[in-house]
Every structure is written in structure tokens, then in C-alpha cells.
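**Q** Pasting a structure below so you can have a look.
The values are calculated or read from the model by the stated rules, or taken from the named source; none is laboratory data. Since the structure is predicted, the reported quantities are computational estimates derived from the model, not experimental observations. So basically every Cβ, Gly included, is an ideal-geometry build from the backbone, and we count neighbours across all protein chains shown. Surface areas here come from the heavy atoms of the whole protein model, side chains and all, with no ligands, DNA or RNA. Shrake-Rupley method; radii C 1.70, N 1.55, O 1.52, S 1.80 Å.
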Amino acid sequence: MDRSLVQRLTSGEGWGLLQSLPPYDARSALSLGARLRDAGFAPDLIAAALTQSELRARAADKLGPSAAEMLLTRDGLEQATRRTVADSHAARFVDAGVRQVHDLGCGIGSDAMAFAAAGLQVDAIDADDVTAAIAAVNLRPWERARAEQGRAEDVTLPRGEAARTTGVWLDPARRTPGVADVNGRTRRLFRLDELSPSWQTVRDLAGRVPAAGAKLSPGFPHAQVPPDAEAEWTSYDGEVVECALWWGSLVRRTGRSARVLGARVDTTVHESDAADADPTLAELDRMNPYLYEPDRAIIRAGLVGALTNAVDGRELSPGLGYVNAARDVRLPWARRYAITDVIPFNVKGLRALLRDRDAGRVTIKKRGVTIDADQLRRQLRLTGNQEVTIVLTRLRQTQVALVVTPF
Ligand SMILES: C[S@@+](CC[C@H](N)C(=O)[O-])C[C@H]1O[C@@H](n2cnc3c(N)ncnc32)[C@H](O)[C@@H]1O
């Protein structure tokens, strides 16, 4: 989409057409297009409107009800912050007393919209002309929010008294486009030297205002967390979506933290919760009855120690995440399993064990091992009646299989 099409699509006839489209249905898109051509609409406008309709339908889960009013691009949607997460970014700025946010690389404006909806003044820029124009459209409902083309490197930030309530938000793009995965989605490769604006620019800008935040990849290296910042790994419904860095008045506690978000959960675990965790590993011949698996944000943040502390347990292998314990503790950020069997992993031994358990269908969870689950399923040739869950992982250096029951 070029700038003139954005203009046509968002004013007069084009906006009317877009808002009048029925809920997107791929099966009727062709006939709808034909009807609109018969009605006299220009083919490029129809194509653009139908694309928007499709993208809005696709965005509904990620961006919530606002998606139905937004202008979107495929890339912009892919890179946009999930609205629930964007709302939590905005809440941090509001809680810190910030009144005006400079969003420097706003994309289609998901974060910027959350800032505006939280009552903040928003000055958003994006290096890409068309993307900035789209963000400007998406920010139309808020009088005190605007977006225009510009580069983070060239921004003029307020100084002195005016800067007191100013914050900066950065969500850098990857300079080299990622590689498409099997689902056609851009694979999120992360290298600090591939960010745009650069990592150096992010840090410079963060140092120029009393409140700054940046959204980085979940792969952000722990060693790079600035000593005066808070690094917050966030998951949504179990998928780690970002590592946000917070500086200045946005810091709640310096160091690493994990935020576990979802439809029914919002909880934070901090580095201090993992302090003095028992480093002793579990032992194969002295396993306790429960296995715990923390949310992935906890693992990415390097806070498995918080789990061993919470359940008085021991890790199976350092950093993998599985913890064995004698205590039955319910945590909103970890799954619990009752362990029925543990054996050193080999196909023959596992087949015998599972046949003994009358296993038919098997759910395979694996971490820290390079076993092909589908191939293993075929090799097991199970014909029983029970559904079982097995965990394939490492206990110290040994590959093990655990038969478990989630509860
Ligand atoms: C990950 S997206 C932002 C997504 C946004 N936070 C959202 O929730 O919709 C990053 C954006 O930064 C823009 N960008 C890249 N380099 C930039 C720079 N040097 N200055 C300003 N914007 C830049 C890209 O064009 C892209 O739209």
C-alpha cells in the first residue's frame, strides 16, 4: 500500500467502503469483489479494502476490538504488540507519573494506541512514511495523539522542566528481515547488532529522559541488561512475547523479572524470589512425587530458582526448568504433575513401561533432548486404551523419561 492509497482508503468513499464490508469470509471475497466493481468502486480500492477486512479479522485476537477500526499491514500486524501487553506497558508509564510519551518507531501503532487510551499524550514517529501515515489514522480517535514520519535518531526531546513528565518508548525493528518459518511467519532472529534503531541509540535515548522503556526480543542476553534497568520477560498464554527493558522512574525493581500474563493470570516473579535457591540437582533413584514446569517467561528470565524456592524442590538439570519436589504447591506460573514412573530413556524400556500402563495415545513433552517425538511415537507402536503424558528431558547428564499425570 502506498501513501495515496492510505489517503483514499481512509477518507470519504474509501473509509465508507471499508466500514461497510461484512465480516471477512474468504469464500465470499471473490463475489463480493465483483459486486463492488459492479457498484463502480475502483479495483485497487476494492483490493485494498478487502485486504484490510481480512487483516482486521486476523488481528482481532491479538489487538482486541480496536482491530475492527484499524488500518493494518501484514508486517505491521506481525510486529505489533498484543493489546493486553501494550496496555500493561501503558500502565507502567501512567503509574510512574509520565504524561507524554514519545513512541520512536511506532509501527502501525498498537503500543501508541494503548498509551493514548491510558490518557497519555502521544508523539509517535516511524521511519517508514506509509507506516507512519497508518499509525496516524489509527490514532485518530485520540485528540492528544499523533504520528508522523521521522527517525528516532533525529528526535528532539523536551529538556528541563518540560522533560520531567516525558517518557520514551522504543520497539526496534530487526534490520535484516527474518526467515519465514513453516507457517509462513517471520522467524524472530535476535541479534543486538541488527536492531533499528540501534541498541546504542536505544540506550542513548533512554539516558536522555527520566522514564524510558524498550521492547526487545525474548532472546535478549542477560549479560546485556544494564545495571540500572529492569528487564521484564513477558509471556502471554504461555508464549514468551518480549523482554522489555525499563529505565528511570519506570523501574519497579532493578534486575530480571518475569511477567506471566493470560486471560486469567497476571503475576510477576522477580530475581529476588530466586535468591539462594538450592543448587542441588534431583537424583534418579530418589525422586519425589511431583514434577513442576514453570511458565516459559520464568525460564527465559533465568528464574527457575524461584520455582525451586517456592516448592522446596530441586532442578532436574540446570536451567531446563523442570523441578522435582515432595510438596504439592499450586502456583499460577507453573504446571504440576504427579510422577508415576521415571526411567533412563531408551525406546525399548519406554515401550515396555508404556505397554504395562496400557498406553494408547501419548502426549510427549520434551526439553533439553533432541528426540523426534513423531518418530518415537511410531517406534513405540502403542495399542492400549489409556492416554498418557511423558516428559523426555535430562536428569543431570542422563536422558530420562517420566510418566506423569497433570493435575
Ligand atoms: C516492531 S515495529 C513497532 C511496533 C509497535 N510497537 C506496535 O505495537 O505496533 C518497529 C518499527 O520501527 C520502525 N523503525 C525502524 N528503524 C527506525 C528508526 N531508526 N526510527 C524510527 N522508526 C524506525 C520500523 O519502520 C517499524 O515500523
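**Q** How large is ³J(HN,Hα) for each residue in segment 297-309, as worked out from phi by the Karplus curve 6.51 cos²θ - 1.76 cosθ + 1.60 (θ = phi - 60°), to whole Hz, x for Gly and Pro?
**A** 4, 5, 5, 4, 7, x, 10, 4, x, 5, 6, 4, 5
**Q** Right, next: Residue by residue, what Karplus-based ³J(HN,Hα) values in Hz, rounded to whole numbers, does segment 371-381 have, using 6.51, -1.76 and 1.60 with θ = phi - 60° and x for Gly and Pro?
**A** My calculation for segment 371-381 gives 8, 7, 4, 5, 4, 4, 4, 5, 5, 6, 6 Hz in order.
**Q** Would you mind classifying segment 284-406 by shape? Square roots of the alpha carbon gyration tensor eigenvalues, ordered a ≥ b ≥ c; an a/c under 1.5 is rounded, otherwise it is prolate if a/b is larger than b/c and oblate if not.
**A** prolate
**Q** Starting from the amide H of D341, placed 1.01 Å from N in the peptide plane, find each other amide H under 5 Å away whose residue is 5 or more places distant or on another chain.
**A** For D341, whose amide H was placed from the backbone, the distant partners under 5 Å are V403.
**Q** Residue-wise, which Karplus ³J(HN,Hα) couplings in Hz belong to segment 264-281, taking 6.51 cos²θ - 1.76 cosθ + 1.60, θ = phi - 60°, and x for glycine or proline?
**A** 10, 9, 8, 9, 10, 10, 10, 3, 5, 5, 9, 5, 6, 5, 5, x, 5, 8
**Q** Please say if segment 246-299 is rounded, prolate or oblate, where rounded means a/c under 1.5 for a ≥ b ≥ c the square roots of the C-alpha gyration tensor eigenvalues, and otherwise the choice is prolate for a/b larger than b/c and oblate otherwise?
**A** Oblate is the answer for segment 246-299, as a/c is 1.5 or above yet b/c matches or exceeds a/b.
**Q** Which order, highest average first, do 95-108, 131-144, 154-167 follow once you tally other Cβ atoms within 10 Å for each residue and take the mean per peptide?
**A** 95-108, 131-144, 154-167
**Q** Antiparallel DSSP bridges in the chain: what percent, to the nearest 5?
**A** Rounded to the nearest five, the antiparallel share is 60 percent.
**Q** Can you list the residues, at least 5 places off or on another chain, whose amide H is less than 5 Å from the amide H of G255, using H built in the peptide plane?
**A** A229, E230, A231
**Q** Considering amide H positions built from the backbone, and no H for Pro or chain starts, which residues 5 or more places from T363, or on another chain, come under 5 Å of its amide H?
**A** Here the answer is V388, T389, I390, since their amide H atoms fall under 5 Å of that of T363.
**Q** Sort M1, M113 from largest to smallest accessible area, using a 1.4 Å probe on the heavy atoms of the protein chains.
**A** If we order M1, M113 from most to least accessible, we get M1, M113.
**Q** Give the Rg/Rh ratio for segment 304-359, taking Rg as the radius of gyration of the Cα atoms and Rh as the Kirkwood radius, to two decimals.
**A** Across segment 304-359, the Cα-based Rg/Rh ratio is 1.07.
**Q** Could you tell me the relative contact order of segment 254-407? Use alpha-carbon pairs under 8 Å, at least six residues apart, and round to a whole percent. All intermediate terms of the calculation are to be shown ahead of the outcome.
**A** Values: 318 pairs, mean separation 33.9, N = 154.
Averaging sequence separation for qualifying contacts and normalising by length gives 22 percent for segment 254-407.
**Q** Quick check on the chain: take the gyration tensor over C-alpha atoms, sort the square-rooted eigenvalues as a ≥ b ≥ c, and tell me if it's rounded (a/c under 1.5), prolate or oblate.
**A** In terms of gyration-tensor shape, oblate.
**Q** Further question on the same structure: Could you pull the accessible area for F407 with a 1.4 Å probe, rounded to 10 Å²?
**A** 100 Å²
**Q** Taking every DSSP beta bridge that has both residues in segment 284-406, what percent is antiparallel when rounded to the nearest 5?
**A** In segment 284-406, approximately 75 percent of DSSP beta bridges are antiparallel ones.
**Q** Restrict the search to segment 232-327; then list the GluC sites (Glu not before Pro) that DSSP places in a loop and that have at most 11 other Cβ atoms within 10 Å of their Cβ.
**A** none
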